[in-house]
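The next block holds one structure in the form of structure tokens; read it before the comments.
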Amino acid sequence: MPPEGSDDVGPGEDDTGPPLRAGARPRTVAVDLATGTVHVDNWPVQLTGVEFRLLRYLVENCSRPIARSELREFLESLDFPGCASRSIDVYVARVRRKLGGARSTIATVRGGGYQFVPGTYAKVRGPAEYSI
């Protein structure tokens, strides 16, 4: 959490989160699959159920790019019939906007869809089979 009295606004409270200073390190994103929560630099990020499920699907399959068609099938399995490819782009854009400075953890793979990029600034917690 930021220090008390800080004027920073967390990503869950607006769409961009605290401003990223020039030369500042990338934001740290923590996805907790067990509790269904996401934090950026210890700020909670408020995702809708569909947004979290989409992020979770990308995290669980981070070893490969996920095609828009596969994401569409996944969303349709959640009772979103007729979900268009453009809808996928909109949902991914919403998640990225809410992640603010950590938006680079969801990469666009040219001709391949989207991929969650684990690394130094991306931590995943949850059941052992999903821990990265």
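Every number in this text was worked out from the coordinates using simple rules, so none of it is lab data. Predicted model, so just to flag it, every value in this text is computed and none were measured. When we count neighbours, we look across all protein chains shown, and the Cβ atoms used for this are built from the backbone with ideal geometry, even at glycine.
A few points about this structure:
- Residue 78-residue 28 FRET efficiency (beta carbon distance; Förster radius 35 Å; 0.05 resolution): 0.80
- Here the label points at residue 50 and residue 94, each 7 Å from Cα along the C-beta direction, are separated by 0.5 nm in the simple model.
- Interchain or long-range residues, amide H under 5 Å from residue 122's placed H: 29
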